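The next block holds one structure in the form of structure tokens; read it before the comments.
Rule-based calculations on the coordinates, nothing more; no lab input. If you're wondering where the values come from, they're calculated on a predicted model, not measured in any experiment.
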Amino acid sequence: MTSPTQSEILATKGYLTVERVATLMGVTRQRVYAMIDSGRIPALTVVQRKYIRREDLVAHVGEEAAAVLGIVAPKARKGAA
């Protein structure tokens, strides 16, 4: 049995890779790095790789957009069956 990678460990704690964020947002990795560098999205650096907390990404794009992008599950509407 192999040990989990750092990316796999951080994923279980709610962190996303730059590549995953780029895919979810429909932008390039370079665009995500630019958002990190400008301070628009906070990121954690581990061994020269950047990771973004899911909550920080949701805060950046907004709750409804996050649901549409598949970052979080959509919330049930009141009165919905």
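Taking the structure as given and computing percent of Cα pairs over 23 Å apart, which label from (i) 14; (ii) 25; (iii) 47 fits? Answer by label: (ii). For L16, the residues whose amide H sits under 5 Å from its own are I52, R53, R54, ignoring neighbours fewer than 5 places away on the same chain, with H placed 1.01 Å from N.
Just subtract the alpha-carbon distance of A11 and E55 from 0.36 nm times their residue separation and send over the number in nm, one decimal.
Extra length available between A11 and E55 comes to 14.6 nm.
Residues whose amide H comes within less than 5 Å of that of V46, counting only those at least five positions distant or on another chain, are Y51 (H built at 1.01 Å from N in the peptide plane).
With helices as the sole contributors, the chain gives -13000 deg cm²/dmol at 222 nm; each DSSP H run of n ≥ 4 counts as -39500 (n - 2.57), and the sum is divided by every residue.
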